[in-house]
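To start, the structure under review is shown below, and the notes come after it.
The values are calculated or read from the model by the stated rules, or taken from the named source; none is laboratory data. These numbers were taken from a predicted model, which means no experiment stands behind them. Virtual Cβ from ideal backbone geometry, glycine too; neighbours counted across all protein chains shown. Ligands, DNA and RNA are excluded from the accessible area calculation, which covers all protein heavy atoms including side chains. Shrake-Rupley method; radii C 1.70, N 1.55, O 1.52, S 1.80 Å.
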Amino acid sequence: MFKQDTIERFAEIETPFYYYNMDVLRQTLDACRDASSQYGFHVHYAMKANFNTKVVAAVQAYGFGADCVSGNEVKAAIEHGFDKSKVVFAGVGKSDKEINQALDADIFCFNVESIQELEIIDGLAKAKGKVAGVAIRINPNVDAHTHHFITTGLDENKFGINTWQLHDVVVMLRKCANLKFLGIHFHIGSQITDMEVYKNLCTRINEMQDWFENHGFAIKILNTGGGLGVDYHNPDGNTIPDFESYFKVFKKFLNVKPGQEVHFELGRALVAQSASLISRVLYVKIGQKKNFLILDAGMTELMRPMLYQAYHVIENLSQESRVKNQESRDKNQEEGDHSPLTTYHSPIKYDVVGPICESTDCFRKDVDLPESFRGDLIAVRTAGAYGEVMASNYNLRDAVKSVYSA
Ligand SMILES: *Cc1c(COP(=O)(O)O)cnc(C)c1O
């Protein structure tokens with residue numbers, strides 16, 4: 001929902017751009033901090049969801065840690081002031097250069113995704129005379145019940161170490177003098193809204209920690225990963241994710257032993273609802289079978305619909321102000337003469353598409369919108385996660401801009 005003065009502000013700005021509502025961001029961060037701190041849980045922000053400087057600075061101010069998936073993210077996290085003792089580094093393909101960067105930065109923990117990677121980190125740490133903290137990323141074979149493009153915790157996924165390899169893991173860990181085993185890590189997918197999934201994950205984590213302890217490895221860190229979903233269908237009615245229920249599941253079902261820490265890596269849930277992509281209608285094509293709204297934003301600004309068939313609410317903001325103006329005219333009219341009130345047009349179905357020379361460059365087909373015109377402002381909602389970070393300059397497009405609320 002945009003206030004009238006915000007829409008008027010947009011009218012002055014060149015499109016397309018991301019609009020960040022910093023109040024929504026702070027309310028979300030408040031809710032997450034309150035819900036996690038009551039159980040003493042540690043939250044790391046998954047930088048890859050959004051590394052816009054202002055967004056990251058706002059998150060960092062809450063004292064969360066950082067979950068990074070590249071050497072540059074590690075570097076950016078430290079530059080943004082994240083405490084190095086709260087920086088973790090995951091990723092199935094960490095290069096030697098990235099591992100060295102992270103060793104130099106003295107980060108807290110590498111979340112290790114293969115046996116070979118253990119050996120490599122050990123060797124690089126040894127060369128520097130350091131000891132690297134490691135957690136084993138285990139692929140628990142838990143179905144995240146999310147879109148198959150964003151599930152990560154099944155045997156068929158490339159991420160993590162499968163449970164049948166754990167014997168070899170402990171053999172390797174015993175050999176690696178420059179590794180310090182800290183615990184176990186999981187991340188089973190993204191946009192998870194079914195709490196049953198997390199309950200199943202807890203069961204697997206409990207089994208896994210028993211397994212390690214039975215093999216003589218004490219566990220300090222239980223890192224459950226991220227993945228909490230947001231409501232892409234109702235950004236105004238359901239803005240803040242249900243952090244209470246989420247953390248409660250872990251409190252209830254995770255077997256946390258004395259001295260252990262429980263870590264979380266949330267990305268999307270913290271930032272998704274704080275931004276919209278704002279664009280203008282360039283052209284309206286009315287056809288016999290299809291109507292198209294051609295926007296000045298496309299997959300180069302927001303790729304989620306094209307990459308994962310993701311759903312975003314699409315709104316015509318100019319129409320919202322036209323209706324308001326019309327309503328106030330109608331009201332004046334009611335008070336005066338008795339001529340008939342205006343009837344509003346019923347929605348039209350449009351395929352809302354971008355300008356990029358690819359057929360997949362479509363935000364959604366058959367979107368019900370009021371009659372729309374060249375120059376109308378269009379908002380694509382819930383675009384704060386995996387939006388701006390995936391922007392590209394394909395077709396030699398301008399870099400996408402960002403605009404912030406106070
Ligand atoms: C992407 C990622 C996250 C964050 O996922 P969200 O769905 O945005 O919460 C957490 N941990 C790891 C290892 C990741 O790759």
Practice problem: Scan (1) buried (at least 19 other Cβ atoms within 10 Å of the Cβ); (2) part of a helix (DSSP H, G or I); (3) in contact (Cβ under 8 Å) with a residue 24 or more places away in the chain for the single condition PHE110 breaks and write down its number. | Solution: (2)
Exercise. Please identify the pairs in which a residue from the range 41-60 that is at pLDDT below 95 has its Cβ atom under 7 Å from the Cβ atom of a residue that is within 13 Å of the ligand (Cβ to nearest atom), counting only partners at least 6 apart or on another chain.
Key: none
Exercise. Please verify whether the range 251-262 includes one or more residues that are within 16 Å of the ligand (Cβ to nearest atom) and either surrounded by 18 or more Cβ atoms within 10 Å (Cβ to Cβ) or in the same structural domain as ALA310 (by TED's automatic domain parsing) (or both).
Key: yes
Exercise. Filter the range 184-215 down to residues that are away from the ligand (no atom under 16 Å from the Cβ) and either assigned by TED's automatic domain parsing to the domain that holds GLN309 or not basic (Lys, Arg) (or both), then give me how many there are.
Key: 14
Self-check item: the range 129-158 residues that are assigned to a strand (DSSP E or B) and at pLDDT below 75, paired with ones that are within 12 Å of the ligand (Cβ to nearest atom) and open to solvent by 10 Å² or more (accessible area, probe 1.4 Å) (beta carbon under 7 Å, 6 or more apart)
Solution: THR151/ASN157
Quiz prompt | Residues (modelled with pLDDT of 75 or more and part of a helix (DSSP H, G or I)) located in the range 304-324 | solution = ARG304, PRO305, MET306, LEU307, TYR308, LEU317, SER318, GLN319, ARG322, VAL323
Quiz item: Taking the stated definitions as given, is LYS199 surrounded by fewer than 20 Cβ atoms within 10 Å (Cβ to Cβ) and within 23 Å of the chain's Cα centre (by Cα)?
Solution: yes
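Can we say TYR246 is open to solvent by 10 Å² or more (accessible area, probe 1.4 Å) and within 14 Å of the ligand (Cβ to nearest atom)?
On the way: open to solvent by 10 Å² or more (accessible area, probe 1.4 Å): no; within 14 Å of the ligand (Cβ to nearest atom): yes.
It is false that TYR246 is open to solvent by 10 Å² or more (accessible area, probe 1.4 Å) and within 14 Å of the ligand (Cβ to nearest atom).
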Self-check item: Selection status of ASP361, over 26 Å from the mean Cα position of the chain (by Cα) and either at pLDDT 75 or above or of a type in the set (Asp, Glu) (or both)
Solution: no
Quiz item: Is it the case that the range 81-95 has a residue that's open to solvent by less than 10 Å² (accessible area, probe 1.4 Å), assigned to a helix (DSSP H, G or I), closer than 17 Å to VAL43 by Cα and within 14 Å of the ligand (Cβ to nearest atom)?
Solution: no
Quiz item: For the range 117-158, how many residues meet the condition of being open to solvent by less than 20 Å² (accessible area, probe 1.4 Å) and in contact with a helix residue (DSSP H, G or I) (Cβ under 7 Å, 6 or more places away or on another chain)?
Solution: 10
Quiz item: Which residue out of ALA105, ALA31, ALA11, ALA61 is open to solvent by 20 Å² or more (accessible area, probe 1.4 Å) and touching a Phe, Trp or Tyr at 6+ places or on another chain (Cβ under 6 Å)?
Solution: ALA31
Quiz prompt | Which numbered condition ILE286 fails, given (1) β-branched (Val, Ile, Thr); (2) in contact with a strand residue (DSSP E or B) (Cβ under 7 Å, 6 or more places away or on another chain); (3) open to solvent by 10 Å² or more (accessible area, probe 1.4 Å) | solution = (2)
Quiz item: Would you say VAL271 is crowded, with 22+ Cβ neighbours inside 10 Å and either at pLDDT below 95 or in a helix (DSSP H, G or I) (or both)?
Solution: yes
